[in-house]
1. Within segment 20-33, can one find any residue that is touching a Ser or Thr at 6+ places or on another chain (Cβ under 8 Å), in a helix (DSSP H, G or I), more than 26 Å from Leu248 (Cα to Cα) and of a type in the set (Ser, Thr, Tyr)?
2. May I ask you to verify whether Glu210 is more than 22 Å from Gly30 (Cα to Cα), out of contact with any strand residue (DSSP E or B) (no Cβ under 7 Å at 6 or more places or on another chain) and in a helix (DSSP H, G or I)?
3. Restricting the search to segment 277-291, which residues are in a loop (DSSP other than H, G, I, E, B) and either in contact with a Cys (Cβ under 7 Å, 6 or more places away or on another chain) or among the aliphatic types (A, V, I, L, M) (or both)?
4. Write out, first by first residue and then by second, each pair whose Cβ atoms fall under 8 Å of each other, whose residues are 6+ apart or on separate chains, and whose first residue, in segment 76-97, is on the phi > 0 side of the Ramachandran plot while the second is among the aliphatic types (A, V, I, L, M) and surrounded by 22 or more Cβ atoms within 10 Å (Cβ to Cβ).
5. Could you check how many residues of segment 137-170 are surrounded by 20 or more Cβ atoms within 10 Å (Cβ to Cβ), within 12 Å of Thr250 (Cβ to Cβ) and either aromatic (Phe, Trp, Tyr) or without any contact (Cβ under 8 Å) to a residue 12 or more places away in the chain (or both)?
6. Consider Asn260 against the criteria (1) touching a Pro at 6+ places or on another chain (Cβ under 6 Å); (2) part of a loop (DSSP other than H, G, I, E, B): it satisfies all of them except one. Which criterion is unmet?
7. List pairs: first residue in segment 44-64 and under 14 Å from Arg200 (Cβ atoms), second residue charged (D, E, K, R) and surrounded by fewer than 17 Cβ atoms within 10 Å (Cβ to Cβ) anywhere in the structure, Cβ distance under 9 angstrom, at least six positions apart or on different chains.
8. Among the candidates Val14, Val50, single out the residue that is over 18 Å from Val288 (Cα atoms) and part of a helix (DSSP H, G or I).
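Just so it is clear, none of the values below were taken in a lab; they were calculated from the coordinates. In this text, all values refer to a predicted model and were calculated from it rather than measured experimentally. Cβ atoms come from the backbone with ideal geometry, glycine included; neighbour counts cover every protein chain shown.
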Amino acid sequence: MKTIIYDCDNTMGVRQRDIDDGLTIFYLIGNRDVTLKGITTTFGNDTIDVVYHSTKNLLEDIQYDGIPLVKGGMPDNRNSKAAQFLAEMVDAHEREITILATGALTNLYGAYLMDNDFFKKVKEIIVMGGITEPLIINGEDMEELNFSIDPEAAYSVLSSIAPTTVITGNLCLNALFGSVEINRLKADINLPAYDYIYKRVVPWVDFMYEIFKLDGFYNWDIVGGVYATHPDLFMSHHLLINSTVLDLNTGVLNISTQKNNGYRLTIPSEITDIQKLNDIVFESWKQVIINKPVPHSAL
């Protein structure tokens, strides 16, 4: 059983904004091997306010009020409620909490500034972000959008003493959510959770085709969620990284070629069984109970 706090920039339900954080929330809520102790909101896909309210709306839609939802801060004000929540929870449950972070790492850095032993007390940190080589989607060079939006915070987390795994953008290119997966949702549309997800997937797929001519979308953040529960589905490497704050301005992870020159991170390079990963995801989504009609607002 994993005890997880999810720090995210969810914008599911916001027009022309990423839905993968929302899909990850569904995964964590529905997964029987996860105890979700809280959701903290950061920025990236949109502003702090938009992310917080879209996450609040999602939880209200599915009538899920069993966990705290805490609003985060910005680089010019790291002393946020989310940072305080993270610091207090990790202190109260020392070496028990896994933090899954899929947006700017501002809240985690803020927690460290409040408690300099924060990184010693956390069990592990799994972050989605960073690139080890250019991120190319259908010939388009895509910018890294997590570490680069608060590189100082990213550096503090990646170079910390906490056991840290980085799910890179490059790895997530192996997790295309395409027509097979969309049809799988549609086939069981009578399930309220699948219905809710399907109604948000379709507009996002249309937008991805308009922008990238992509038949589907890359399910970025859910790869980190599955890694938290099933690391056996990944081929991982323990690497020394020597990226500075300046390097992280573009999200680049420089692999050190010199012994003891850098900080050690676990970086998966391959999803070994994408079919099994999707099966686990769909089964977890299925467990999310929605007891009212699926809303159509904000699509």
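1. yes
2. yes
3. Listed by number, the residues that qualify are Val288, Ile289, Ile290.
4. Arg95/Val122
5. 1
6. (1)
7. Short answer, once both residue conditions are applied: Asp61/Lys292; Ile62/Lys292.
8. Numbers: Val14 fails: part of a helix (DSSP H, G or I).
After ruling out the rest, the residue left standing is Val50.
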